[in-house]
Each structure stands twice: as C-alpha cells, then as structure tokens.
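Below is the structure I would like to discuss, written out as structure tokens.
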C-alpha cells in the first residue's frame, strides 16, 4: 500500500469547496474522472456506513473515521459491494481493507487549500493520478463559479 497526495488552491471559502465535493448534484460531476455515474451514499456519521458506487451499484463499502465539516473528512475503506452483497472478509478485500482517504480543507489567502491523501495499491497509481488531477480541477471550477 502507498499513499498518494494531491493539493489544489481554490479561490472560494471552505464551505463552498466542501459543498462542491459532497453535494449530490456536484459529486458525480467531479468523480466522473474515476467512474462514469459514480455516486456516494452516506449517513455522514462517524462509524456509520458510506458507499461509493458505480452506475451498476457496485463499489466500495466504507465508514467515516473522522468528520469536522467543512475542514476534514477521513473515510476508511472496509470492503466491496457487488450485486448488492457486501464483501468485508475475502482475501482480496483484506489486502487493502483499512485504507484511508482524507480530504483536508484549510483557509489560505484568497480562498481554500484542498489537500487529499489516499492509500492505494500501487497498480492503481496511474488511474488515481489521472482521476484526482482532473477531478480536483473540476472541484475548483465548481467552487469558483
């Protein structure tokens, strides 16, 4: 497992950046660079369930490990969901379960710095780099308009 990090300065207040990241109507816009028609379902509770799903309703089962809106959210990935069934126990899942995905927003002059850290298996580095480079540029566009 390795940790990748991405940082972008956005000329908008933290709450507007937070909303661009997590509002239902904008989430799909910036995450399309990872998977077309991706969605997130969450109860926004620490220790609750969060699902990151593709258009076929398959994806990742996660939980929120830390939440301080609009400053920080840390997701802990627990497993997969395929065909409506959660897999938290297979050997494949166990090889990456516990991976973290962190979104940190800080005030900077004239706006917000968004810093993302994501734990991944090395074979996904190129996909993540492309997705976050394009996705965070879209978050910037959405928050600044």
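The values are calculated or read from the model by the stated rules, or taken from the named source; none is laboratory data. Because the structure is a prediction, the values reported are computed rather than measured. Here the Cβ positions follow ideal geometry from the backbone for every residue, glycine too, while neighbour counts run over all protein chains shown.
For region 107-123: of the residues being closer than 26 Å to residue 47 by Cβ and surrounded by 14 or more Cβ atoms within 10 Å (Cβ to Cβ), which is modelled with the lowest pLDDT?
Among those residues, the one meeting the criterion is 120.
Taking the criterion of being in contact with a strand residue (DSSP E or B) (Cβ under 8 Å, 6 or more places away or on another chain), in a strand (DSSP E or B), closer than 20 Å to residue 40 by Cα and at pLDDT 95 or above, would at least one residue in region 81-99 satisfy it?
no
As an exercise: evaluate residue 55 against (1) assigned to a helix (DSSP H, G or I); (2) modelled with pLDDT under 95; (3) over 12 Å from the mean Cα position of the chain (by Cα); (4) surrounded by fewer than 17 Cβ atoms within 10 Å (Cβ to Cβ) and give the number of the one condition it does not meet.
Residue 55 satisfies every listed condition except (1).
Consider residue 65 carefully, then state whether it is free of Cβ contacts under 8 Å to residues at least 60 places away in the same chain, surrounded by fewer than 18 Cβ atoms within 10 Å (Cβ to Cβ) and within 17 Å of residue 2 (Cβ to Cβ).
Here the answer is no, as residue 65 does not meet what is asked.
Could you tell me which of the residues 119, 107 is outside any loop (DSSP other than H, G, I, E, B), touching a residue at least 12 places away in the same chain (Cβ under 8 Å) and farther than 16 Å from residue 3 by Cβ?
The unique qualifying residue is 107.
Of the residues that make up region 5-14, is at least one over 13 Å from residue 113 (Cβ atoms) and under 14 Å from the mean Cα position of the chain (by Cα)?
Taking every residue of region 5-14 in turn, none turns out to be over 13 Å from residue 113 (Cβ atoms) and under 14 Å from the mean Cα position of the chain (by Cα).
Tally time: how many residues in region 24-38 are surrounded by fewer than 15 Cβ atoms within 10 Å (Cβ to Cβ) and either at pLDDT 95 or above or in contact with a helix residue (DSSP H, G or I) (Cβ under 8 Å, 6 or more places away or on another chain) (or both)?
Number satisfying all stated conditions: 1.
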